[in-house]
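Encoded as structure tokens, the structure appears first; notes follow it.
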């Protein structure tokens with residue numbers, strides 16, 4: 001995701017900064033309410049999306065100019081602008097391998113269904129992404145020993161502007177919404193192989209936009225004020241669980 005060209009609201013739940021070899025959660029996608037609504041992506045240029053994913057940095061990647069950098073990985077569930085227009089509003093699993101590329105499965109996941117996802121280092125020191133217990137992607141730019149900057153992300157992007165120069169002032173009216181997503185059983189794995197439930201005392205859950213904390217909800221593009229409602233995510237946080245939605249009342 002880009003903080004300069006994406007019109008986005010982003011929640012982040014960070015796990016400890018070191019000694020982490022895996023991250024997992026069980027996601028229940030936004031369900032359909034009594035009015036038949038589950039989600040919408042309103043950006044007029046068709047580039048918006050809603051993503052719920054695990055992210056972290058690990059391994060080494062050699063860039064075309066010869067520089068060697070730490071690899072960045074984002075793995076989760078997503079809905080595109082085109083799919084949000086359809087009656088069944090399906091989702092799919094996806095991964096992004098920073099500096100290299102991205103991919104995803106078919107849009108076959110229905111609103112309201114539940115999917116465990118995991119990003120972890122295997123016994124063979126390979127970084128793997130699992131959906132419902134099945135490896136959907138095995139990354140090969142290792143060796144991998146630990147994950148840094150590991151976090152759970154809930155994000156909605158109304159649209160992606162083609163360049164920084166194309167970002168208007170004021171921004172366009174926000175029109176991307178979704179019912180509650182539940183991220184349950186949020187856990188990280190330590191170097192001893194133990195899965196530990198995330199709590200406010202052993203990790204850093206998201207905080208509301210504008211409180212001045214490093215864990216605040218992000219609003220992109222940087223330095224721009226979001227227009228329209230909702231202004232921010234509605235959140236419920238408890239041990240090992242984040243429930244979040246973007247609704248108008």
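A few comments on the model shown:
- Qualifying strands (runs of 3 or more DSSP E) (wholly inside the range 51-145; at least 2 residues being more than 21 Å from residue 195 (Cβ to Cβ)): 68-80, 92-97, 101-104
- Leading residue by the ranking (surrounded by the most Cβ atoms within 10 Å (Cβ to Cβ)) among those in the range 194-249 that are in contact with a strand residue (DSSP E or B) (Cβ under 7 Å, 6 or more places away or on another chain) and on the phi > 0 side of the Ramachandran plot: 240
- So residue 186, is it without any contact (Cβ under 8 Å) to a residue 12 or more places away in the chain, within 18 Å of residue 117 (Cβ to Cβ) and buried (at least 16 other Cβ atoms within 10 Å of the Cβ): no
- Criterion (out of contact with any helix residue (DSSP H, G or I) (no Cβ under 8 Å at 6 or more places or on another chain) and at pLDDT 90 or above) met by exactly one of 104, 59: 104
- The residues on offer are 36, 19, 46, and the sole one that is surrounded by fewer than 21 Cβ atoms within 10 Å (Cβ to Cβ) and farther than 28 Å from residue 246 by Cβ is 19.
- Whichever residue in the range 1-46 is part of a loop (DSSP other than H, G, I, E, B) and within 16 Å of the chain's Cα centre (by Cα) and, among such residues, is nearest to residue 190 (Cα to Cα): 15
- Taking first residues from the range 64-84 that are under 24 Å from residue 141 (Cα atoms) and partners that are at pLDDT 95 or above and outside any strand (DSSP E or B), the Cβ contacts under 7 Å between residues at least 6 apart in sequence or on separate chains come to 77/29.
The values are calculated or read from the model by the stated rules, or taken from the named source; none is laboratory data. All figures in this text were calculated on a predicted structure; none of them were measured in a lab. Methodologically, a virtual Cβ is constructed for each residue, glycine included, from the backbone with ideal geometry; neighbour enumeration extends over all protein chains shown.
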